[in-house]
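One structure is given here, and the rest of the page talks about it.
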Amino acid sequence: MLKRKEKTGEIPSLGMYIHVPFCSTTCDFCAFYQERPSKKGFDLFFNGLEREIEHFSQNRSFSTIFIGGGTPGLLNSEQLERLGGLIHSQNLSDPLEWSIEIAPSEISIEKLETLSKAGVNRISLGVQTFHPQLMKELGRMHEVETALQAYSMIRKVGFSSVNLDLIFGIPGQTLEIWQEDLAQAVDLQPDHLSTYCLTFEEDTALFIKLSKGKVKLDPEREITFYEKAWDFLPTHGYQQYEVSNFAKDGHICQHNLNTWAMNDWIGFGPSAATQFNGIRRKNFANLEKWAQQWNQAKGVEFEEFEQLNAAGLAHDTITFGLRMNRGISLNGIARKFDLPLACFKPVESFLDQLQNEGLVEKNDFWRLNKRGRILADAVAREMPVLS
């Protein structure tokens, strides 16, 4: 087991992620594992999930829970209640934050009240855009009015925190349309906003369009979209805390922070990833294969399995930490993973180089400045390994 030293002496946060794989249709940009809903599929999912949670939870206390997909909102109220019961059966304490992703077309007051009663206190609503034509470009199935009605229902039920997901860089999207999307989102006054640049993942409908020349990449245009959000949202009460994430006071996503800090989390469901006790692994991205192993006596198998070491985790903490506005403390990371500061010399030299190039600022923490955040992915790729 990896040793970690926490300044407070507290046990690091433990997160739970549950992947609900069902989708009635596939959005053109989505590369996440999914299955069409069916009675057989639901039975496989819940039976497998019950056994997996019993096996790995072992009466632990999860500080954050995140239910994603897929489309978790495809589950009916009875199924959502069952899901909540499975979680409560093994979790020793109430989580600080319990989030679920919801698509606007799948929301009802009955479902929301079931979620609230179960303990969910944060809803992430996948709006993506308020522009009808761009919704079609993304393969989204809801109308603008559906998204607005869904948001109204969420607020009526009274969840503590609400996030809206927005996407930019969509084919046909202009900077003016992006400004309109941001303004409409701000008018709704959610507690949190996530603004993601559209990516063209292999085997998605958008990637096929790209490979056929029907759409084109435009990195320079994407930069202007980034900068528009970074300039606009902080003037409307949303402080940027990560390249793509903005929050009102007290509404930063704790599950994300836990993950980016390389604290442990356990993933449940087909394709779910886990990082726990020095192991990083991924469940089979196949509902039947994942579920069937829980009905067999042999040991559990995984699609991916990696033994981690302290230096590798520290490296990941650095690259993810630099995406956050707070930045990183190399001293703090060294203490957390019980590593000598000498290991960080290559990293410090690289950060000095970035500072000379005008990409990084240093006070108590190393931080990427605005120009540096544009290049955050490139910085992560070039970050030296610890010596």
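Please treat every number below as a calculation from the coordinates, not as lab data. Every value quoted in this text rests on a predicted model; they were computed, and no experiment measured them. Using ideal geometry, Cβ is built from the backbone for each residue, glycine included, and neighbour counts are taken over all protein chains shown.
Summing -39500 (n - 2.57) over the DSSP H runs of n ≥ 4 in the chain and dividing by its residue number, what mean residue ellipticity at 222 nm do you reach, to the nearest 500 deg cm²/dmol?
Dividing the helical sum by the residues of the chain leaves -12000 deg cm²/dmol.
Relative contact order for the chain: what percent, with Cα pairs under 8 Å and sequence separation of 6 or more?
18 percent
Would you mind ranking Glu81, Glu97, Glu176 so that the residue whose beta carbon has the fewest other beta carbons within 10 Å leads the list?
Ascending number of Cβ neighbours within 10 Å: Glu176, Glu81, Glu97.
How about segment 135-197: which chymotrypsin sites (Phe, Trp or Tyr not before Pro) there are in a DSSP loop, with at most 11 other Cβ atoms within 10 Å of their Cβ?
Here no loop site has a sparse enough neighbourhood.
Would you work out which of Gln184, Ala247, Ile328 lies farthest towards the positive end of the dipole of the chain, given +1 charges on the beta-carbon of Lys and Arg and -1 on that of Asp and Glu, about the Cα centre?
Of the candidates, Ile328 comes out farthest on the positive side.
For Phe268, what residues show an amide H to amide H distance below 5 Å, using hydrogens built from the backbone and excluding near sequence neighbours?
Counting only residues 5 or more places away or on other chains, the set is Tyr17, Ile18, His19.
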